[in-house]
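Inspection log for the structure reproduced underneath, given as structure tokens.
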Amino acid sequence: MNRRDFLLSSTAFLLTTQTLLSTSLPVQAFGPEVVIVLASDETGAPHLDPIRATLLSVAADLIYDRLIAMSDQHTFHPHLAESWQESEDGLNWTFRLKKNVLFHDGEPFNADTIVWWVRQFANSSNQHVSDAIEKVVVIDEHTVRFEMKRPDPNLLYNLASYFMSIPSPKAYEAANGNFGVTEAVGTGPYKLENFIVGQETVLVANEDYAWGSELSENKGAPALERLVLREIQDASTAFLEMNTGGADILLGVPAEFIPQMKANSEIELRNMPATGASYLQFNTSAAPFSDPQIRQAVACAVDQEPILKAVFGGSGAVAHQFLASSLDESSVRSEVLIRPDIEKANLLLDQAGWKAGTDGVRTKGGAPLKIQLWSTSETAYKRIAEIVQAQLRNIGFVVDVTLFDSASMKDALRKGDYQMAVSHYDWDNADILSWFFSGDNIPHPNSTRWNDPRSEELRKDAENTARNWQERVKKFTAYHENLLENFVFVPLHEFEKTIAINTGRIVLPEKIRSTALGGVALLDAKWQ
């Protein structure tokens, strides 16, 4: 008997006993529920308000719909917008909206919704996603036109992202700044029943749902009636929950537990498309990494290959640039790719005045070349830190590794009292460069504190002046190359996100036509 069967049997026994003891106590019968464990990369969202969020869990993809759906091939498809048309100059976008769509509170979705919704982004954390929209013009009840300040080749991607999910205007206004905490109302396939920050989100099927995107075969209500999304930051605990039957789906299987899960006949593993990478980030405002020579020396000393093999068992790929290799903007000039070169690393440190002692430790002015390297305590990132520690020792660094839990790590990086950290991101668009390295985003999410005039010039050019997709790719590639040339980070590993499914309980579609497990797949999911 697995944990789930034991818990269900125990609960049934308890409820039966209560009924025998006191017939006045009502017994509430719950339908079958699916337990989805959100491992460390998916945890920590403080609320479910997409407009003001900087972090959202998969729950947002289930509660809300968006105008556009994006496939696993990065193609764009109709969702709440059944069609769209862009003017030749890129300054007008016309969207025809689906009819007969209702929010969970019964309010209609229409053109007025879009007018209200776009206005909400002004002065929000996500203002950038709608910043190019001058105004929304209502053509009729189900047609709107975006009149643009400038062309925005990235508009469709933004409209397909979690952060441009569409909430109910009525519920949003009524919440008076607390939307996403006590309630979250969208048009999506699931409704919010309960949300406990950092612990659990409970969702129930929207029985009236009838407007799924073309990426799902099922356009109606989901077959899985109730979802419990549990947040578990500890990798070992998340693994045990899945491997012992306490969960039906695990999002983000820790790399070290993949072999054990492969041996479990009731578990199926799926690799989702690579959308991010792990990397070393420097505090460029603090010694010694305010010196570009020292940053470059570290970049040359780090060998990504042992990390791929020892930490990830060969899964994924080594990373020599920041962006995922599936993105056009990752195709930078070969000479700016960050690759190991121990001889050059030692030469750079010599030139910077750090001399090697008889014990191998470099010193300058009598002080040792000693640094702090931060990492989360999750096994994979801890092991990365240990490999980097050993590799830097070979060129004369003394590296002290400090471990944090995920939440503490985020708070510590925001404060900026650090030198170097093992980090990672999960995003499949070049605008992640702006997010992490824009001078406007200091201290968070730009915890590198990088604020360089030339970089800012290239960033603003990429964000604001591209007239079409090809120009945008060219400009973001130039910005990417500039960051690589300044060694603001050291790319390490491009990871595949692995999910685990309890095949004895549920069946997912053979092909998941999205970049992550969310509404598209769960609409087509069935009971075994």
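All told, VAL181 falls short of being of a type in the set (Val, Ile, Thr) and in contact with a Ser or Thr (Cβ under 9 Å, 6 or more places away or on another chain). Taking segment 1-120 as the region of interest, the helices (runs of 4 or more DSSP H) fully inside it that hold 2 or more residues being in the same structural domain as TYR162 (by TED's automatic domain parsing), among the aliphatic types (A, V, I, L, M) and modelled with pLDDT of 95 or more are 59-63, 111-119. Scanning segment 324-339 for residues that are assigned to a loop (DSSP other than H, G, I, E, B) and surrounded by fewer than 16 Cβ atoms within 10 Å (Cβ to Cβ) yields SER325, SER326, SER331, ARG333, LEU337, ARG339. On inspection, ASP131 passes the criterion of being free of Cβ contacts under 8 Å to residues at least 60 places away in the same chain and in a loop (DSSP other than H, G, I, E, B). A single member of LEU240, LEU229 is of a type outside the set (Gly, Ala, Ser), in the same structural domain as TRP117 (by TED's automatic domain parsing) and in contact (Cβ under 8 Å) with a residue 40 or more places away in the chain, and it is LEU229. Determine if segment 178-188 includes at least one residue that is modelled with pLDDT of 95 or more and under 23 Å from VAL507 (Cβ atoms). Yes, segment 178-188 contains a residue that is modelled with pLDDT of 95 or more and under 23 Å from VAL507 (Cβ atoms). Is it the case that segment 223-244 has a residue that's at negative phi, in contact with a strand residue (DSSP E or B) (Cβ under 6 Å, 6 or more places away or on another chain) and hydroxyl-bearing (Ser, Thr, Tyr)? No, segment 223-244 contains no residue that is at negative phi, in contact with a strand residue (DSSP E or B) (Cβ under 6 Å, 6 or more places away or on another chain) and hydroxyl-bearing (Ser, Thr, Tyr). So for segment 346-358 (the condition being under 25 Å from THR379 (Cα atoms), in contact with a helix residue (DSSP H, G or I) (Cβ under 8 Å, 6 or more places away or on another chain) and in a helix (DSSP H, G or I)), does at least one residue qualify? The answer is no, given that none of the residues of segment 346-358 is under 25 Å from THR379 (Cα atoms), in contact with a helix residue (DSSP H, G or I) (Cβ under 8 Å, 6 or more places away or on another chain) and in a helix (DSSP H, G or I).
Only one entry in ALA319, ALA287 is assigned by TED's automatic domain parsing to the domain that holds PHE397, among the small types (Gly, Ala, Ser) and farther than 30 Å from PRO254 by Cβ, namely ALA287. Looking at segment 184-210, which of its residues are surrounded by fewer than 21 Cβ atoms within 10 Å (Cβ to Cβ) and within 25 Å of VAL115 (Cα to Cα)? If the condition is that a residue be surrounded by fewer than 21 Cβ atoms within 10 Å (Cβ to Cβ) and within 25 Å of VAL115 (Cα to Cα), then ASP208, ALA210 are the ones that fit. Within segment 253-275, not a single residue is buried (at least 22 other Cβ atoms within 10 Å of the Cβ), modelled with pLDDT of 95 or more and of a type outside the set (Gly, Ala, Ser). Going by the structure shown, is ASN158 of a type in the set (S, T, N, Q) and in contact (Cβ under 8 Å) with a residue 12 or more places away in the chain? The answer is yes for ASN158.
What number of residues in segment 161-198 are farther than 24 Å from ALA521 by Cβ and either outside any loop (DSSP other than H, G, I, E, B) or in contact (Cβ under 8 Å) with a residue 24 or more places away in the chain (or both)? Of the residues in segment 161-198, 13 are farther than 24 Å from ALA521 by Cβ and either outside any loop (DSSP other than H, G, I, E, B) or in contact (Cβ under 8 Å) with a residue 24 or more places away in the chain (or both). Scanning segment 276-323 for residues that are part of a strand (DSSP E or B) and of a type outside the set (Phe, Trp, Tyr), we see that the one that is surrounded by the fewest Cβ atoms within 10 Å (Cβ to Cβ) is ALA317.
Listed here are the residues, each with its yes/no results for (1) buried (at least 16 other Cβ atoms within 10 Å of the Cβ); (2) within 30 Å of PRO288 (Cβ to Cβ); (3) assigned by TED's automatic domain parsing to the domain that holds ALA60.
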| residue | (1), (2), (3) |
| --- | --- |
| ASN441 | yes, yes, no |
| SER455 | yes, yes, no |
| ARG459 | yes, yes, no |
| GLU471 | no, no, no |
| ASN482 | yes, yes, no |
| ASN486 | yes, yes, no |
| PRO491 | yes, yes, no |
| LYS511 | no, no, yes |
| ALA516 | yes, no, yes |
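Looking only at residues in segment 148-183 that are of a type in the set (A, V, I, L, M, F, W, C) and in contact with a Gly (Cβ under 8 Å, 6 or more places away or on another chain), the one that is surrounded by the fewest Cβ atoms within 10 Å (Cβ to Cβ) is MET148. Pairs meeting the criteria (first residue in segment 260-275 and in contact (Cβ under 8 Å) with a residue 60 or more places away in the chain, second residue part of a loop (DSSP other than H, G, I, E, B) and of a type in the set (Gly, Ala, Ser), beta carbons under 7 Å, at least 6 apart or on different chains) are GLU266/GLY504; MET272/ALA516; PRO273/SER326; ALA274/GLY316; ALA274/ALA324; ALA274/SER326; THR275/ALA324.
Considering every residue within segment 138-147, establish whether at least one is of a type in the set (Lys, Arg) and surrounded by fewer than 15 Cβ atoms within 10 Å (Cβ to Cβ). Within segment 138-147, none of the residues are of a type in the set (Lys, Arg) and surrounded by fewer than 15 Cβ atoms within 10 Å (Cβ to Cβ).
Restricting attention to segment 419-450, the residues that are in a loop (DSSP other than H, G, I, E, B), touching a residue at least 40 places away in the same chain (Cβ under 8 Å) and more than 19 Å from PHE163 (Cα to Cα) add up to 5.
Conditions (1) within 25 Å of GLY314 (Cα to Cα); (2) in a loop (DSSP other than H, G, I, E, B); (3) in contact with a Ser or Thr (Cβ under 6 Å, 6 or more places away or on another chain), marked per residue:
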| site | (1), (2), (3) |
| --- | --- |
| ASP461 | no, no, no |
| VAL473 | no, no, no |
| HIS480 | no, no, no |
| PHE487 | no, yes, no |
| ILE501 | yes, no, no |
| GLY504 | no, yes, no |
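Among the residues of segment 492-521, those that are closer than 27 Å to ALA385 by Cβ, within 17 Å of the chain's Cα centre (by Cα) and not hydroxyl-bearing (Ser, Thr, Tyr) comprise HIS493, GLU494, PHE495, GLU496, LYS497, ILE499, ALA516.
The values are calculated or read from the model by the stated rules, or taken from the named source; none is laboratory data. Computed from a prediction, not measured in an experiment: that's the story for all the values here. Heads up, the Cβs are rebuilt from the backbone with ideal geometry, glycines too, and the neighbour counts pull from every protein chain shown.
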